[in-house]
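Worksheet: the structure to be examined is printed underneath.
Where a number appears in this text, it was derived from the coordinates with a stated rule and is not lab data. Remember, predicted model here, so these are calculated numbers, not experimental data. Neighbour counts are summed over all protein chains in view; Cβ atoms, including those assigned to glycine, are modelled from backbone coordinates with ideal geometry.
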Amino acid sequence: MIAVLQHELKSYFHTLTAYVFGAFLLCFVGIGAMMYNLEMAVSNFEYVLSFGCLVFVVIVPILTMRVIAEERKQKTDQLLYSLPISTTSVVLGKYLALLVVYLVPLCIVSLYPLIFSRYGQVYLPTSYGSIFAFFVLGAALIALGVFISSLTDNQGFAAGIGIAVILFNYYSVQLAEYISSSALGTLVALWVIAIALGLVIRFVTGQENLAFVIMGVLMVAAFVVYQVDATLLEGLLPNIMTQLSLFERFYVFVNGVFDLTGIFYYLSVVVFFLFLSVQSLEKRRYN
Amino acid sequence: MIQVEHLTKCYGDVMAVRDLSFEIDEGHVYGFLGPNGAGKSTTMNIMTGCLSATSGRVLIDGHDIFEEPKEAKRLMGYLPEQPPLYLGESPVEYLTFVGRAKGLKGEELKHQVTDVMAQTKIEHVAHRRIGDLSKGYRQRVGIAQALLGNPKVIILDEPTVGLDPIQIIEIRDLIRELGRTHTVIFSSHILSEVQAICDRILIIAHGKLVAFDCPENLERDLLTQNQITLTTQAGPDEVQEVLDRLDHLSDITFQAKEGGYTQTHFHTSHPKPYEMTRQLFWAFAESDVPLLEMTLKKASLEDVFLELTETAPAQEDEAEEMDEEVEEA
């Protein structure tokens, strides 16, 4: 794992990747800090991060697109398979390297509240609480990006899907509010989600039966709930989206609450997607 | 050293390797020979743990590649068909990474990296980008990578494909040299190459092992059907009469030529071809039939290879037909 970590770090800092990523992040947070803290003279650094997290939509996919896709394309994944290291440690090594690349600009960002506090009243606990939340939010998105990169050997495709997924996640709550909150509307939306999930499972695992079964079970379950007690479905979708949205959880921190369940949620997302990435790499051996 | 037992690999409906079993001893150069698509790369990928098997197992020095992958992989160095190189790095950086991943540290790591670079003669390009190196040098970096960690077995998948003739000779020399200190298994679809370097040949066709022996034995045992052509000053009947008195002859064909000559072709399964020609000479002399010309064409490994790899699909079809008949019954 250490070998992979060192190797990845070297390649990130030898190429432009780490610098471009860092520059984008610093630039965006910098603009935010200028707007909120300097121009508007707001002392809460949290708002800057709340504005800054939109940058993840672009920079996370750019950072993670090549991580596994490129290995596949150059056939260097064969080397990793033939080395006496487990797939888990390969994925962990790569992921930790990405976290380091992410932490470097974040360390610089974490100086800002200290600097601002010299010139005015800054409530540091909420500032650092939300910087920490900003870190785990990014960590969760990077894990998602690693997984998407493991699905394909085309970097561009990995980046495109990554941007789409993160953007969808960013706007999911707003989107869900557009859908009729009536029970029937929710049922239809749930069916659409079930079909989409089925297609994703079909694409990722290649197992048609499994995809059909999961899709069918979900659709029937939604229909049964609709028949038994339709009121349960009313307004369900925005609720689900709020629960699932990574960004929505972050706004809780921005509002000054250090939400442990949120941290726990982010960490489970990390574990979940890293686990899927390992499975996706292992699957290539079992095709 | 390596035991492959009843290895089978299916890609969907396609069977790439079927029930392959063989055993590899320490200290030889093994050649894996077979036409394209015979299942060579698949077998090598399974042996090195890059691919799972549908059934069967592979033991490396007693370690199952699927159950104890770390122990098994430590004993092997593998160069896949396309050398797995990070093109943006220099050979030193690349080899240092591979060495670390193989568990080498500190002085030993440095020492081994210098060692394998000397062995593969890439010291003078050690700090250039791999992406800027020629194909021959890339192949060497790939081999250097396989040598790190001092593995007992080195597995090379078509190491000479795509190289120019001089590079091919250099890589062959390198393989021969490695054969002195390691067990080397390498695959190729070029017969002369395998013949030149290996002391054991495995021939694979359609996912099955069709022959496994040293080159001389393969030539001697598998295709002793040497071909003889005679030109005699006599009619076909007379020649037939003479030949009837001799054994070890088959596939006799006659060709009447102008001026009362007859050209006769046949195969002989006699273990000593010169003994056969001597007998032919005396037989014709005793019968007063003038023997004008006699040519002996010895079977080469090329013929063995062609025969083995070409007959396999026919047998397969037969087997499948039989299966169908059984099912119908």
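Just a few scattered comments:
- Cβ-defined net charge surrounding A:R66, 11 Å radius [Lys, Arg +1; Asp, Glu -1]: -1
- Distance-filtered residues of segment A:14-53 - backbone nitrogen under 17 Å, label point 7 angstrom along A:L114 Cα→Cβ: A:45
- Neighbour counts of other Cβ atoms within 10 Å put A:V220, A:V257, B:V184, B:V210 in the fewest-to-most order A:V220, A:V257, B:V210, B:V184.
- Neighbouring partner chain Cβ atoms per residue of A:71-79, average, 10 Å criterion: 6
- Here the Gaussian network model covers chain A, with springs between Cα atoms less than 10 Å apart; of A:T88, A:T186, A:T231, A:T231 fluctuates the most.
- FRET efficiency for A:A196 and A:Y19, using Cβ-Cβ distance with R0 set to 41 Å, rounded to 0.05: 0.65
- The relative contact order of segment B:54-139, computed from alpha carbon pairs under 8 Å that lie at least 6 residues apart in sequence, is 29 percent.
- Acute angle (nearest 10 degrees) that the helix B:273-286 long axis makes with the longest principal axis of chain B, alpha-carbon atoms: 10 degrees
- Cross-link partners of B:K135 among lysines, defined as those whose alpha carbon lies under 17 angstrom from its own and excluding same-chain residues fewer than eight positions apart: A:K75, B:K121.
- Calculated FRET efficiency for the pair B:S269/A:T88, C-beta based, R₀ 60 Å, to 0.05: 0.55
- Cβ-placed point charges (K, R +1; D, E -1), dipole of chain B about Cα centre in debye, nearest 20: 2400 debye
- Whether chain A is rounded, prolate or oblate, judged on the alpha carbon gyration tensor where a/c under 1.5 counts as rounded: oblate
- In the protein assembly as shown, the DSSP-assigned H stretches of four residues or longer account for a calculated mean residue ellipticity at 222 nm of -18500 deg cm²/dmol, using -39500 (n - 2.57) per stretch and the full residue count as denominator.
- Cα shape, segment B:167-297, gyration tensor, a/c 1.5 rule: prolate
- Each residue of segment A:61-74 is assigned a 3J(HN,Hα), and the resulting list reads x, 5, 5, 8, 4, 8, 3, 10, 4, 5, 4, 5, 4, 7 Hz, derived from the Karplus form 6.51 cos²θ - 1.76 cosθ + 1.60 (θ = phi - 60°), x at Gly and Pro.
- Ratio of Rg to Rh for chain B: 1.12 [Cα atoms; Kirkwood radius as inverse mean 1/r over pairs].
- Electrostatic tally near A:L5: other residues with Cβ closer than 14 Å to its Cβ, Lys and Arg +1, Asp and Glu -1, net +2.
- Per-selection metrics, the protein assembly as shown (Cα): Rg and Dmax in Å: 34.3, 125
- q = 0.18, 0.20, 0.27 Å⁻¹, segment B:224-297: log10 I(q)/I(0) [Debye, one scatterer per Cα]: -0.61, -0.77, -1.43
- Label-to-label distance, nm, for residues given as B:L306 and A:S43 (7 Å Cα→Cβ offset): 9.3 nm
- For B:D25 and A:Q6, a Förster radius of 30 Å and the Cβ-Cβ distance give a FRET efficiency of 0.20, rounded to the nearest 0.05.
- DSSP bridge orientation in chain B - percent antiparallel, rounded to nearest 5: 70 percent
- Exposure here means at most 12 other Cβ atoms within 10 Å; with GluC sites (Glu not before Pro) in a DSSP loop as sites, the longest stretch of chain B lacking them is B:68-329.
- DSSP beta bridge pairing in the protein assembly as shown, given as percent antiparallel to the nearest 5: 70 percent
- Considering only chymotrypsin sites (Phe, Trp or Tyr not before Pro) in DSSP loops that have at most 11 other Cβ atoms within 10 Å, the longest stretch of chain A without any of them is A:120-285.
- Per-residue 3J(HN,Hα) values for segment A:43-56, derived from phi via the Karplus relation 6.51 cos²θ - 1.76 cosθ + 1.60 with θ = phi - 60°, read 8, 8, 6, 4, 5, 4, 5, 4, 6, x, 5, 5, 5, 4 Hz in sequence order (x marks Gly and Pro).
- Nearest-ten-degree value, helix B:135-147 long axis tilted from longest Cα axis of chain B: 70 degrees
- Residue by residue along A:274-286, Cβ atoms of other protein chains within 10 Å of the local Cβ number 1 on average.
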